[in-house]
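What follows is calculated from the coordinates using simple rules that are stated; it is not laboratory data. Here the structure is a predicted model, which means the values were calculated and not measured. With ideal geometry, Cβ positions are generated from the backbone for all residues, glycine too; neighbour counts draw on all protein chains shown.
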Amino acid sequence: MNEPRRSDDGEGATVAFPFDAVLVERFRETFPRARWQDETACWFVPGKTADRRIAAWLRDHIPSSLALADQRGRDAFDFEPIESPYLEAAGDLLVRTPFSRTVIEELRAIPWAAWDPDLRVWHVPFRSVERLRERWLSIEAAARRAEPAARRRRQDELKASPEYDQYRQRAAERRRKRFPAPLSDLPPFGRVVMTSWGAIVPIGTDGELAQPEPASTHYPGLAADGERIWIDWRSPSLDELVRTWPARTEPDAHDIARGWWQPSLRELRAERRKARSAEKAAATRTAKRST
């Protein structure tokens, strides 16, 4: 069982458990102020005594058979261990890798897996060892690709490739923070919309026509008919992404051809995770500069 963990400021605690509709409903009834956190796949409960209240709730609602499942998982691991520099067997199975979105997505799909921000390690209880084993090849491969030496090697290979000029041009285009929108169907200014580049907030235009060549080169999939003008944009804040209402369906062919659409819940969740990571990184850099 994943024990509740106090937040850094002591004003709450987090906990994770496998999804079960009835169990989640009971949890929300007991903790109406609980909030789900996508980036850690945990529930956050505010309050200085939250960890103790959560622990009591877990004892009452989580089956005691989990201890037996943990023992069986430990026996299975001892019989057939996963040998890897990224895995350590302790009280739980500890997964420690370089940062990789693939690793994060794979571990989030494993029941009871939880991120420990203090130790910067993923905890996977032994009861989930078979689910971890199913995903381990993908996890380890992604971790190796994320090693600094592997990243540098790919960058050197990219610089030596014919596609490097295209990569530089695309990066330069993104820094211009503009988007070719159809003149007859402009996106709403000041609101979050989704594009092939990700989530953006359109902020205005001077009416400059977008020529077909840069538009088709850097923004593939756009409809070729009709005039387009350049729209200036900025990146949305985490708060804006949280307040954005998702579309009920995924984008269709018309949305892709137009070039912008209302983001789906799946897309919003991914963008929120990126925004949270960016805000945390910015806060860390600020803290380092102030010390």
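Compute the relative contact order of the chain as a whole-number percentage, counting only Cα pairs closer than 8 Å that sit 6 or more residues apart in sequence.
13 percent
Per 0.36 nm of contour for each residue apart, how much would the distance between Asp225 and Arg144 grow if the chain were fully extended, relative to their Cα-Cα spacing?
24.7 nm
What FRET efficiency, computed as 1/(1 + (r/R0)^6) with R0 = 30 Å and r the Cβ-Cβ distance, is obtained for Leu265 and Ile62, rounded to the nearest 0.05?
The computed FRET efficiency comes out at 0.60.
In whole Hz, what ³J(HN,Hα) sequence does region 176-183 give by Karplus (6.51, -1.76, 1.60; θ = phi - 60°), x for Gly and Pro?
For region 176-183, the Karplus-derived couplings read 6, 6, 9, 8, x, 9, x, 4 Hz, x marking Gly and Pro.
Can you check what the net charge comes to around Asp225, using other residues whose Cβ is under 14 Å from the Cβ of Asp225 (Lys, Arg +1; Asp, Glu -1)?
Net of charged neighbours comes to 0.
Between Ala109 and Ala160, what is the label-point separation in nm under the 7 Å Cα-to-beta-carbon projection?
So the two model labels end up 3.4 nm from each other.
What is the local net charge at Arg258, summed over the other residues whose Cβ is closer than 14 Å to its Cβ (Lys, Arg +1; Asp, Glu -1)?
Summing Lys/Arg as +1 and Asp/Glu as -1 gives -4.
Given points 7 Å out from each Cα along the Cα-Cβ axis, report the Ala171 to Arg101 separation in nanometres with one decimal.
Going from the Ala171 label point to the Arg101 one covers 1.7 nm.
Please work out the C-alpha center-to-center distance from region 211-246 to region 272-289 and express it in whole Å.
Rounded to whole Å, the Cα centres lie 25 Å apart.
Where the Cα atoms of region 5-61 are projected onto their three principal axes, how long is each span, largest first, in whole Å?
Reported extents, whole Å, longest axis first: 31, 25, 17.
If the chain between Arg131 and His254 were fully stretched, how many nm would it gain, using 0.36 nm times the residue separation less the Cα-Cα distance?
40.4 nm
Hey, any idea what Rg/Rh is for region 164-290, computing Rh the Kirkwood way over Cα pairs?
1.00
List the residues, sorted by chain then number, that are 5 or more residues from Thr195 or on another chain and whose placed amide H is less than 5 Å from its amide H.
The list, which skips near neighbours in sequence, is Ile200.
Want the number for Arg191 to Arg285: 0.36 nm per residue separation, take away the alpha-carbon distance, what's left?
Gain in length upon complete extension: 31.0 nm.
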